[in-house]
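Everything below concerns the one structure shown next.
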Amino acid sequence: MAAINAVTDLTVEGDIGVVTLNSPPVNALSAQVREGLKGAFEAAIADPAVQAIVLICEGKTFIAGADISEFGKAMTGPSLQDVQNTIENSPKPVVAAIHGTALGGGLEVALVAHYRVAVPSAKAGLPEVNIGLLPGAGGTQRLPRIVGVEKALEMVTSGQHVPAKAALAMGLFDSLVEEGALRDGAIAFARVVLAEGRPLAKVRHLSDKVEAARGKPEIFTEFRKANARKFRGFLAPENNIKCIEAAVNLPFDEGLKEERRLFMELMTGSQSAAQRYVFFAERQAAKIPDVPDDTPTLPIKKVGVIGAGTMGGGISMNFLNAGIPVTIIEAKQENLDRGVGIIRKNYENTAKKGRLTQDDVERRMGLLTPSMHLEDLADCDLIIEAVFELMEIKKEVFTKLDAIAKPGAILASNTSYLDIDAIAAVTRRPESVIGLHFFSPANVMRLLEIVRGEKTDKSVIATSMQIGKKIGKVAVLVGNCFGFVGNRMLAQRQREAQKLILEGAMPWDVDRVLYEFGLPMGPFAMSDLAGLDIGWDPAKTSSSTVREVLCEMDRRGQKNGRGFYDYDENRVAKPSPEVEKVILDFAEKRQIQRREISDQEILERCLYPMVNEGAKILEEGKAIRASDIDIVWINGYGWPVYRGGPMFWGELVGLDKVLAGMKAFQEKHGDDFKPSALLERLVAEGKGFKDA
Ligand code: 3HC
Ligand code: NAI
């Protein structure tokens, strides 16, 4: 065996040269990997004993792509194209042996090999779009030549990982070999290639699939139309589509040039920078300085959920989906029946769409035990309370739980705003109490805010982070304060939105500006969706806010066809003249001089205070890092990932500009805009949030 460099070696087994790459964690194509690959292939090509070459990786995966951490820095070592040319032009057949995930640049390396074999558990994909890019090493030109234009469009714009069996059927893989026997299987395959004198198959020479799409621009027009909503605001999907068009309409090498041009356009833009930041931020959020990876965790084999309302049902589904039994408790039989019924209906609907079998539905429902007795939670390892948002009720529930739950069980609250320490204080085991704040719909939204109380034990935190990951959530650890991270910042935006409609804007103006910014909907459309009457008590109503007046007029939101907007029978929203009049009357009564408000002011008034609140959260230590705040907003509130989260966005705008904006607003509108000490300090020192 000859070591080529620290991460690559070449072994010659009879007539086969085996190039082995070992660069943990995911064999990404760093400068060292590129250098090793080039050297190893050159050595194998030069060795007269070698007749064919196998490329295989150590560790959990084949090459998972370019090394994203190198992007934006000066390149060293050979380029990826250089490495690919060496492989593709090898006079000896090259077989890529794939396990784990061949992704992005990894699949693009496999695509310049002459053959690809894989184990059945392997997957392949071009996920560059997820970091605001496109496959920049020939992937967009080679993929459609193998799988055809329609499938290629789907793959590059979704970034989906295709399982081995499907990859084989598409022609992306040439052969599957037995699980666990990849090396031998690939060597045997290479020998067959030699014995049968198979050609040096080069994907670039395939043309029938792209020719079939030539002169049919409607394929692309229709694809764009069908996905317009999904791609809204993102630049990368369009550039990916343009590349596939180039593959159809241009000779191969011209197509490669176009791919490079479109790749560089994305690579130097702010969207990809934001999406790459989010990729690492999401992984960073899992790291808690004082709760190291080896912190002991508690086994979670059975979960209890209290309250079968909007949240309790969705929360339960997460665990049922992961195969963990759930006992769900209600105070009223009819609410229990309704809650369980909704869970079943949700599963049945998924089954109707073909995404679950009826057996899956029954298996999941079979793991659910409905009950009216809190005592039935005695053997649960984790209990999540999701009853009404009232401190008295929460305290009562936790007092009872303390008496019932087994020692060591985690007692969690799904509260949106309330003080976790006050809840913990009613128990004799505050170390076992934690906030697990899911977002609605809880079975869909990826965010889980984990709220650390003053006394919460580290193993309770570690277990909560681990179970969050197991049920497919992005877990972010936050500190205990009113509204925690997400809702605390949301309150800033909501307050300004309400003020803006009295000062001169209309709800649809505010909503439009935030929608165009990239949020899924604006604050007023969101209120209509949730229901204007949440928390509204007709007995205590006093017409003191626009929202109250609307409730008094029976404008309750989408559910009765009238809220801030009027809704037609297809739930399409239209500005409401009635609401406009309510707002104008309200402003007049308050003697507010209405004025023209620009879109820019709407944006800054709504978003700058959020960035400022994020800075306060950081200075109070309620979030570990600014990027955690961004992860909360992207996964819990639909902040557009291509804008990197509010803190990233604030820096992109310029913290000095945000600070100046806050000061100007403070002068006009008062201390709602008082800049945080941290923001002042960072600007004075010319620093960013990561230096906070
Ligand atoms: N570059 C640099 N680091 C990477 C990386 C990459 N492409 N992919 C993963 N890593 C790092 C992660 O940051 C993480 O580091 P950490 O342990 O220090 O936090 C570590 O590898 C393990 O990653 P995960 O925690 O994500 O491990 P999983 O086992 O859950 O997932 C994976 C593995 C499916 C490979 C997932 O990491 C992944 O999807 N990676 C990104 C793949 C990708 O986007 N490839 C395309 C890159 S762009 C490209 O190739 C351009 C080309 O066309 C020119
Ligand atoms: P909900 O009103 O839909 O459901 C609450 C359920 O709890 C009701 O079915 C009620 O019968 C039951 N309940 C009340 N007291 C009980 C008791 N002592 N024992 C057993 N069951 C009892 O309320 P929702 O929206 O599900 O909210 C629950 C909690 O989740 C609240 O703390 C809320 O702040 C929080 N939350 C709500 C979100 C939302 O969007 N709705 C988002 C995130 C958190």
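Numerical summary
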read-out	value
Region 653-692 and region 104-138: distance between their alpha carbon centers, rounded to Å	44 Å
Under 9 Å, Cβ to Cβ, from residue 105 - net charge with Lys/Arg +1 and Asp/Glu -1	-3
Antiparallel bridge percentage (DSSP; both residues within the chain; nearest 5)	35 percent
Qualifying lysines (Cα of each under 23 Å from Cα of residue 123; at least 8 residues distant if same chain)	60, 151, 165, 202, 209, 469, 470, 473
Theoretical ellipticity at 222 nm over the chain - DSSP helices of four or more residues, -39500 (n - 2.57) apiece, nearest 500	-14500 deg cm²/dmol
Sorted by Cβ neighbour density within 10 Å, fewest at the top, the residues 10, 411, 603	603, 10, 411
Computed over region 147-282: relative contact order in percent, which uses C-alpha pairs under 8 Å that are six or more apart	27 percent
Amide H partners (placed H, <5 Å) of residue 436, local residues excluded	413, 414, 415, 451
Volume per residue of the C-alpha convex hull in region 134-288, rounded to whole Å³	154 Å³
Relative contact order of region 303-484, defined on C-alpha pairs under 8 angstrom at six or more residues apart (%)	21 percent
Relative contact order of the chain, defined on C-alpha pairs under 8 angstrom at six or more residues apart (%)	8 percent
Once the Cα gyration tensor of region 303-484 is diagonalised, semi-axes √(5λ) in Å	26, 18, 14
Ranked packing of 96-104, 52-60, most packed first, by mean Cβ within 10 Å	96-104, 52-60
Cα centroid separation, region 539-572 to region 23-96 (Å)	62 Å
Local electrostatic count at residue 259 - Lys and Arg +1, Asp and Glu -1, tallied over other residues with Cβ under 15 Å	-1
Placed amide H near residue 18: partners under 5 Å, 5+ positions off or other chain	11, 12, 13, 54
Region 175-187 - phi-based ³J(HN,Hα) in whole Hz, Karplus 6.51/-1.76/1.60, Gly and Pro as x	7, 9, 10, 4, 3, x, 10, 5, 4, 5, x, 5, 5
Cut-off under 5 Å, modelled amide H: who pairs with residue 23 long-range	58
Neighbour net charge for residue 529 - beta-carbon separation under 15 angstrom, K R +1, D E -1	+2
Per-residue HN-Hα couplings for region 613-625 [Karplus 6.51, -1.76, 1.60; θ = phi - 60°; Hz; x = Gly/Pro]	5, x, 5, 5, 4, 5, 5, 7, x, 7, 10, 6, 8
Helix 31-46 axis, angle to the chain major axis (alpha carbon atoms, nearest 10°)	20 degrees
For region 407-414, 3J(HN,Hα) per residue [Karplus equation, 6.51 cos²θ - 1.76 cosθ + 1.60, θ = phi - 60°, Hz, x = Gly/Pro]	x, x, 5, 7, 10, 10, 10, 9
Sequence of 665, 524, 482 once ranked by neighbouring C-beta atoms within 10 Å, starting from the fewest	482, 665, 524
Residue order, fewest to most surrounding Cβ atoms within 10 angstrom, among 399, 221, 427, 327	221, 399, 427, 327
Hits among lysines - C-alpha to C-alpha of residue 690 under 24 Å, sequence gap 8 or more where chains match	73, 287, 616, 622, 657, 663, 674
Share of alpha-carbon pairs per 20 Å distance bin for the chain, given as whole %	16, 42, 34, 8, 0
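Just so you know, all these numbers are worked out from the coordinates, no wet-lab data involved. Everything quoted here is computed from the prediction, not taken from an experiment. Please note: Cβ atoms are built from the backbone with ideal geometry, for glycine as well, and neighbour counts cover all protein chains shown.
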